[in-house]
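Take a look at the structure below.
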Amino acid sequence: MRLTGFDGESALVTGAAGGIGRALVAELAAAGARVLATDTDTALASLDAAGDEGVVWRPLDVRDPVRAAELAAEAARLHGPLSLGVHAAGILAVQPLMEMPAEDWQRLIDINAGGTLNMLQVFGRAMRPQRRGAIVVIGSNAGGVPRLGIGAYGASKAAAAMLTRAAGLELAAEGIRCNLVAPGSTLTPMQTAMWDDPHAGAAAVIAGDAAKFRAGIPLGKLATPQDIARAAMFLLSDQAGHVTMADLYVDGGATLRA
């Protein structure tokens, strides 16, 4: 099945310089979408944008509603009315809840939950005049399963998931779909930064750890950014035209849930 609904469409992507966001930019551009890709100044400074023909890169802090709205308007001026929105920006915090400083918690919530609300508002308001559009938020399977050491991160992703589903309910009558992709362990810099040894780190994640109440990955491998991006592409496509408020877990079966 060839996915359709991308050729000539205007797309805006956050977190676009990271592993999953970068893969999504490539998939969207290859499918014919015209992409305005955003990330932080720091991420863009180290970006190799070679081969991104037709992709426009702009800095964005997803906590900034004014800047986000400006970029949605710029995407419309450059590429036509916004019809595809992907929010892939987010940060990880690896700290036990009992030891987490209030300021670390606030930053996590501001970016992962507040940033999600901000982008949902920007995408939804931009798409309302056309009464059509598709939005995908990249969440995490940690938003649905408690985990030692990343409880606050999971809570922030759970908030992002509910915000996305609630936005989907609000926007459904206007022809705008909102869905989530919830990745498990994926071969991105966010994941590998937690490992001292890449080979041993991957093997440990795949095997799981009963002492930490963490199941392994039944498929016996980590996801690639492309695995997650292609799941998001389905949810953005015409073929998912009757799918909204879904939370698609793409984790190799790690959470043992549908």
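The values are calculated or read from the model by the stated rules, or taken from the named source; none is laboratory data. Note that the structure is predicted; figures quoted are calculated from it, not measured. Virtual Cβ from ideal backbone geometry, glycine too; neighbours counted across all protein chains shown.
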>> Could you tell me how many of the residues in region 1-48 are crowded, with 18+ Cβ neighbours inside 10 Å and free of Cβ contacts under 8 Å to residues at least 12 places away in the same chain?
In response: 0
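Residue check: is Val66 β-branched (Val, Ile, Thr), touching a helix residue (DSSP H, G or I) at 6+ places or on another chain (Cβ under 9 Å), modelled with pLDDT of 95 or more and not in a loop (DSSP other than H, G, I, E, B)?
Numbers: β-branched (Val, Ile, Thr): yes; touching a helix residue (DSSP H, G or I) at 6+ places or on another chain (Cβ under 9 Å): no; modelled with pLDDT of 95 or more: yes; not in a loop (DSSP other than H, G, I, E, B): yes.
Judged against the criteria, Val66 is not a match.
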> (1) touching a helix residue (DSSP H, G or I) at 6+ places or on another chain (Cβ under 6 Å); (2) of a type in the set (A, V, I, L, M); (3) over 26 Å from Asp209 (Cβ atoms): which one isn't true of Ala166, the others all being true?
Replying inline: (1)
> Which of the residues that make up region 55-80 are over 19 Å from Thr42 (Cα atoms) and in contact with a Ser or Thr (Cβ under 6 Å, 6 or more places away or on another chain)?
Replying inline: Ala75, His79, Gly80
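Only one residue in Arg147, Arg125 is in contact (Cβ under 8 Å) with a residue 24 or more places away in the chain and more than 22 Å from Asp247 (Cβ to Cβ), so which one is that?
Working: Arg147 fails: more than 22 Å from Asp247 (Cβ to Cβ).
The conditions single out Arg125.
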>> Of the conditions (1) within 28 Å of Ala167 (Cβ to Cβ); (2) among the β-branched types (Val, Ile, Thr); (3) assigned to a helix (DSSP H, G or I), Ile206 satisfies every one except a single condition; which number is it?
In response: (1)
> Can you tell me how many residues in region 69-102 are β-branched (Val, Ile, Thr) and either more than 16 Å from Val56 (Cβ to Cβ) or assigned to a helix (DSSP H, G or I) (or both)?
Replying inline: 2
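Every residue, every condition in (1) assigned to a helix (DSSP H, G or I); (2) free of Cβ contacts under 8 Å to residues at least 60 places away in the same chain; (3) within 19 Å of the chain's Cα centre (by Cα), yes or no:
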residue	(1), (2), (3)
Asp104	yes, yes, no
Asp110	yes, yes, yes
Ala113	yes, yes, yes
Leu120	yes, yes, yes
Gly154	yes, yes, yes
Lys157	yes, no, yes
> Can you pull out the residues in region 40-63 that are part of a loop (DSSP other than H, G, I, E, B) and among the charged types (D, E, K, R)?
Replying inline: Asp48, Asp52, Glu53, Asp61, Arg63
>> Would you confirm whether or not region 151-168 contains a residue that is of a type in the set (Val, Ile, Thr), buried (at least 19 other Cβ atoms within 10 Å of the Cβ) and farther than 23 Å from Pro225 by Cα?
In response: no
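When region 51-82 is examined, which residues are found to be of a type in the set (D, E, K, R) and over 19 Å from Ala113 (Cβ atoms)?
Residues of region 51-82 of a type in the set (D, E, K, R): 52-53, 58, 61, 63-64, 67, 70, 74, 77.
Hits for region 51-82 are Asp52, Glu53, Arg58, Glu70, Glu74, Arg77.
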